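The values are calculated or read from the model by the stated rules, or taken from the named source; none is laboratory data. As the structure is a computational prediction, the values presented were derived from the model and not from experiment. All Cβ positions, even for glycine, are placed from backbone atoms using ideal geometry, and neighbour counts span all protein chains on display. These accessible areas exclude ligands, DNA and RNA; they are computed on the full protein's heavy atoms, side chains included. Shrake-Rupley method; radii C 1.70, N 1.55, O 1.52, S 1.80 Å.
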Amino acid sequence: MSTDFLLRRIMIAIPSLLGISVVLFTVLALAPGDPFGELVTNPNVPAEVRLALRAKFGLDDPVHLRYIRWLWAMLQGDWGFSFVSRVNVDTLILQRLPTTISVIGASQLLAILIAVPVGVLAAAKPYSMFDQIANTFAFIGFSLPTFFTGLLLILVFSVNLNWLPIVYSTEIAGHGMAYVWNAVRQAIMPVAVLGLFQGASLVRYVRSSVLEVIKLDFVTTARSKGIGERKVLVLHVVRNALIPVVTLVALQMPIVFGGAIVTEQIFRVPGIGSLLISAMLANDTPVIMGVTFVFSCLVVFFNLLADVLYGWLDPRIALR
Amino acid sequence: MAGSTLASPSAEKTERFSPTRDAWRRFCRHRLAVVSLGVLAVLVIGVVLGPFVWRLAINDIDFAAQLKAPSLAHPFGTDDLGQDILARLISGGRISLAVGLAAMLVAVVVGVVVGATAGMSRGPVDAGLMWLADLFLSLPQLPLLLLIIYLFRDTLKSILGPEGGVFVLIVAVIGGLRWMPVARLVRAQFLSLREKEFVEAARALGASRLRLVGHHILPNALGPVIVAGTIDVANAIIAESTLSFLGLGFPPDIPTWGRVLFDAKDYLDVAPYWALFPGSAIFLAVLSINFIGDGLRDALDPRRVM
């Protein structure tokens, strides 16, 4: 893969990041109310101070100037100040980002580990008993909303069986192996909720992707050379069928983030999703804008990653 | 051949070809879709006619009947204020299903207009619109949805009232963030259909652009759109329930399915039924709509059937 391809992809990603920032800023600019609403209601802040602050932050300037200033501040990492916890927004987000990323990463891994074998086996014998059962379960899987599966798991494993803790905590008891075990135990349910949902929708994509490849001529050639069916499937079909699946995993990221917000809220995982919800309930506008922007950047980043991986796995794409 | 002339009149009598009947026949082959159609019909009839049969009020507070398990007086039990859960689910189901349907209509109308415009015009308009669709596809949906509702809820509430304001906002935002797949589908269909002979023939006969689109191209492009629209209803129901579940959707006095689940989630240990009924209602509605969409795909998109 050439650096030229990489550069071109990055050049495509930048306008979409700019576009997203325009959308976010437009939403904020169109919104009624004052971003400094908290200062208005605060009786300790006199009116002239508020007006001076408005002038200082340039809130009365034309829209395009405000946009450029806002974007410049965001790029420099100056994301403002949380009204509620009195901490800079970027420190707050950086504290919580690793938790979100690790939960999402683990659940994506689980989704792939479920979806690839099931999808390939279902496609190997289309319309067989296994295929139909897998298809039905896939439908059930992505029709079960994450908030309901989360509650069901809590009901079964925490309330009834008392096996797993309900609340995810940052301060885990124990040392050594006990620490690791406790950390894994509290992550099981959030990861399972997200992973099963994601896996269920991936199964169908893997299946149809394998079905596309399996009817190609080179597969017939491999079979007619007398290579065993299992070897044909694994070495010839799956390798090629998984290329579009890589893109799909990355393109599903916006949906995954939505699911992550819900699961973090249910299990009280201290990630940026639950930060977003608590900021909304507390009218903490700078935090809300910061988290939304981080989510947007992550989505663009994963799209870029998908493009680059796609070019690496399938050199025909990179040549175009 | 003599045989075929003899056979044809009787064949015509039994199997008169009609596209609708043909589609229905293919739909019926998908057994789960037919079952789902029945389940969804029961749900819809239940929430539409329910209030006439089950006359308990949704906000009838009765502290004597707090957190009662399902019984004859309250088939789905009662919540922490002694309100009847069945009555709340019936009234909430009307809103949840209405939001799903209305948001789907918004998404489909916007998607068809954008897709048709892009598909009929070449060059910069097409490229620009598709760039816009790609941009919207890479927006993080739920955070943005939450952001818009957070920022605009109070204004719309004061203009349209608490119920109407939130309804319009939620429908507009969910629909406005889901038109892109429809637009891409319609554009792809238009690109291939507008080069077909029957369109060329219509153009040669002097049909206007509007007539070409409305009478010749669009009707032929509708199959996949109907399938995508069906699945959009399910997605919109999930989106609305998610908002309500996070406590950022409809206000507490309007019990949508997601809202009832939100209220129930802190009582899982004492009243699991409270969460199970609304959750199952959402699940059944979404699952049956997804299966119906799958059946419709078999019925309306014959090329994709393998």
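Computed from the C-beta positions of B:ARG209 and B:ASP22 and an R0 of 25 Å, the FRET efficiency is 0.25 to the nearest 0.05. The H on the amide N of A:PHE81, modeled in the peptide plane, is under 5 Å from the matching H of A:VAL89, each at least 5 residues off or on a different chain.
Simple spin-label estimate for A:ILE12 and A:ARG316 gives 1.7 nm between the two label positions (7 Å along the Cα-to-Cβ direction from each Cα). The calculated 222 nm mean residue ellipticity attributable to helices in the protein assembly as shown amounts to -24500 deg cm²/dmol, summing -39500 (n - 2.57) over DSSP H runs of n ≥ 4 and dividing by all residues. Under a 5 Å amide H cut-off, with hydrogens placed 1.01 Å from N, B:ASP84 pairs with B:ASP60 among residues at least 5 apart or on other chains.
In sequence order, the range A:192-200 has phi-based couplings of 5, 4, 5, x, 5, 4, 5, x, 4 Hz under the Karplus curve 6.51 cos²θ - 1.76 cosθ + 1.60, θ = phi - 60°, and Gly or Pro positions carry x.
How big is the A-B contact in terms of buried accessible area, both chains counted, 1.4 Å probe, rounded to the nearest 100 Å²?
Buried surface at the A/B interface: approximately 4000 Å².
Note on B:ASP266 and B:ILE159: with the Förster distance fixed at 45 Å, the Cβ-Cβ geometry gives a FRET efficiency of about 0.85. Taking only the C-alpha atoms of the range B:143-194, Rg followed by Dmax gives 15.7, 47 Å. The length gained on full extension between A:ILE140 and A:VAL23, counted as 0.36 nm times the residue separation minus their Cα-Cα distance, comes to 38.7 nm.
Couplings 3J(HN,Hα) of the range B:115-125, computed from phi: x, 5, 4, 5, x, 8, 9, 9, x, x, 4 Hz, in residue order, whole Hz [Karplus 6.51 cos²θ - 1.76 cosθ + 1.60, θ = phi - 60°; x for Gly and Pro]. Averaging Cα coordinates gives a centre for the range B:242-304 and one for the range A:207-253; these two points are 36 Å apart. Extension gain, B:ARG31-B:VAL125: 0.36 nm per intervening residue step, less the Cα-Cα distance, totals 29.5 nm. Computed 3J(HN,Hα) for the range B:240-257, one whole-Hz value per residue from the Karplus formula 6.51 cos²θ - 1.76 cosθ + 1.60 where θ = phi - 60°, is 5, 5, 4, 4, 5, 5, 7, x, 10, x, 5, x, x, 7, 10, x, 6, 4, glycine and proline marked x. Estimated at 0.36 nm per residue, the fully extended path between A:LEU30 and A:CYS297 surpasses their Cα-Cα distance by 93.9 nm. R0 = 35 Å: FRET efficiency of A:LYS215 with B:VAL48, Cβ-based, nearest 0.05? In this case the efficiency is close to 0.15.
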